[in-house]
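Read through the structure below, which is laid out as structure tokens, and then see the notes.
The values are calculated or read from the model by the stated rules, or taken from the named source; none is laboratory data. Quantities reported herein were computed from a predicted structural model and do not represent experimental measurements. Reconstructed Cβ throughout: ideal geometry from the backbone, glycine too, with neighbour counts over all protein chains shown.
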Amino acid sequence: MENDISWTPAQISPAQVGAAPTAQGLAEHLRSLPDLGGLLAREKALVFRGFGVDPAELDEVMDLLLPNRLAYVHGNSPRTKVGSNVYTSTEYPAEYSISMHNEMSYAHQWPARLLFFCETAPLTGGATPVIDGTRWLGCLDPEVREAFADGVRYSQNLHGGMGLGKSWQATFETEERDRVEAFLSDSGADWKWLPDGSLRVSQLRPAIVRHPVTGDEVWFNQADQWHPASLGDDTAAALASIMPAEELPQSVSFADGSPIPDEYVIQVRDRGLDNAVDVDWHAGDLLLIDNVLVGHGRRPFTGPRRVLVAMSD
């Protein structure tokens, strides 16, 4: 398949915008922009490089880029909260790639913007690949696109404090069942508490959406990440040997409950990564993305990589 990638994130440096190469210079530039939202919708992703932002200076810049910072409630990936709705990026072994995805596309509400900040650059690798969602949709076989037209059903089994995967307490950032129930009721999810204290959740969500501003139709789901085939043959086989599919920490099916073929999700995963553009990291860099128009992932790395992430509506 021809891999003609024409889109790349817009890079903004102090010299380009006539700003001082400091966090304060970046903040002043951001305040001078008449329409940051419009700029982001046009460019889809923005890289701020050369401003030398320090972690202690991050809040001021973050407040300008993310007008309403959100908590990672109902998030399914392992992270550590390090500040006011600021988290480590997904904590996953350095030797593996993280496939392309739109943050929380499985939820009833997803963040409109994501901001990444490089506190410590890796020794090698560790880029954040990003993909134009229209490109991702267009590079899939028509058969795959049509199969997902009615959406997908995500299922979770969240243990009550001990078990495989995340607990419901960590997922919803609360110990109170009534708060979880209110959240899930508002989200339109199907859910039930099990006798062992765990929580089973099922949600029907779209697989393809249109951006509310640009109207672009984009691939927008995490079926490949929720599907056992994405774990690799050995891991998937090991899980299948100890528990049925309906008891996995997370799983996915077509909207009608029928299984998604392994080859479909492998195509989605591989073509997403193959068609992505890598954003390499230097300490102090920031990457702002439109979470509907752009998917993101992570390349393998060596060394002490530390990238923080925050999100807003």
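Matching residues to (1) closer than 30 Å to ASP270 by Cα; (2) assigned by TED's automatic domain parsing to the domain that holds ARG113; (3) crowded, with 18+ Cβ neighbours inside 10 Å:
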position: GLN16; (1), (2), (3): no, yes, no
position: ALA23; (1), (2), (3): no, yes, yes
position: LEU26; (1), (2), (3): no, yes, yes
position: LEU40; (1), (2), (3): yes, yes, yes
position: LYS44; (1), (2), (3): yes, yes, yes
position: PHE51; (1), (2), (3): no, yes, yes
position: ASP54; (1), (2), (3): no, yes, no
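Considering every residue within the range 82-92, establish whether at least one is at pLDDT below 90, assigned by TED's automatic domain parsing to the domain that holds VAL307, part of a loop (DSSP other than H, G, I, E, B) and over 14 Å from the mean Cα position of the chain (by Cα).
The initial filter retains those residues of the range 82-92 that are at pLDDT below 90, namely 82-92.
Subsequent filtering for residues that are assigned by TED's automatic domain parsing to the domain that holds VAL307 retains 82-92.
Subsequent filtering for residues that are part of a loop (DSSP other than H, G, I, E, B) retains 84-85, 89-92.
Checking which are over 14 Å from the mean Cα position of the chain (by Cα) leaves us with 84-85.
Checked the range 82-92: at least one residue is at pLDDT below 90, assigned by TED's automatic domain parsing to the domain that holds VAL307, part of a loop (DSSP other than H, G, I, E, B) and over 14 Å from the mean Cα position of the chain (by Cα).
Run PHE117 past the list (1) of a type in the set (A, V, I, L, M, F, W, C); (2) at pLDDT 95 or above; (3) more than 16 Å from the chain's Cα centre (by Cα) and report the number of the one that doesn't hold.
The failed condition is (3).
What is the number of the single condition among (1) at pLDDT below 95; (2) among the aliphatic types (A, V, I, L, M); (3) surrounded by fewer than 14 Cβ atoms within 10 Å (Cβ to Cβ) that LEU123 does not meet?
Against the list (1) at pLDDT below 95; (2) among the aliphatic types (A, V, I, L, M); (3) surrounded by fewer than 14 Cβ atoms within 10 Å (Cβ to Cβ), LEU123 comes up short only on (1).
Kindly list, by first and then second residue, each pair from a residue in the range 114-138 that is touching a residue at least 60 places away in the same chain (Cβ under 8 Å) and more than 21 Å from MET62 (Cβ to Cβ) to a residue that is surrounded by 19 or more Cβ atoms within 10 Å (Cβ to Cβ) and among the polar types (S, T, N, Q), limited to pairs with Cβ atoms under 8 Å and residues at least 6 apart or on different chains.
Filtered contacts from the range 114-138: ILE131/ASN275; GLY133/ASN102; ARG135/ASN275; TRP136/ASN275.
Could you look through the range 140-190, keep only residues that are of a type in the set (Ser, Thr, Tyr) and surrounded by 14 or more Cβ atoms within 10 Å (Cβ to Cβ), and pick out the one that is nearest to VAL86 (Cα to Cα)? Let's see the steps before the verdict.
Residues of the range 140-190 that are of a type in the set (Ser, Thr, Tyr), as a first pass: 154-155, 167, 171, 174, 185, 187.
Next, from what is left, pick out any that are surrounded by 14 or more Cβ atoms within 10 Å (Cβ to Cβ): 154-155, 167, 171, 174, 187.
On the way: TYR154: 26, SER155: 26, SER167: 20, THR171: 15, THR174: 17, SER187: 23 Å.
The selected residue is THR171.
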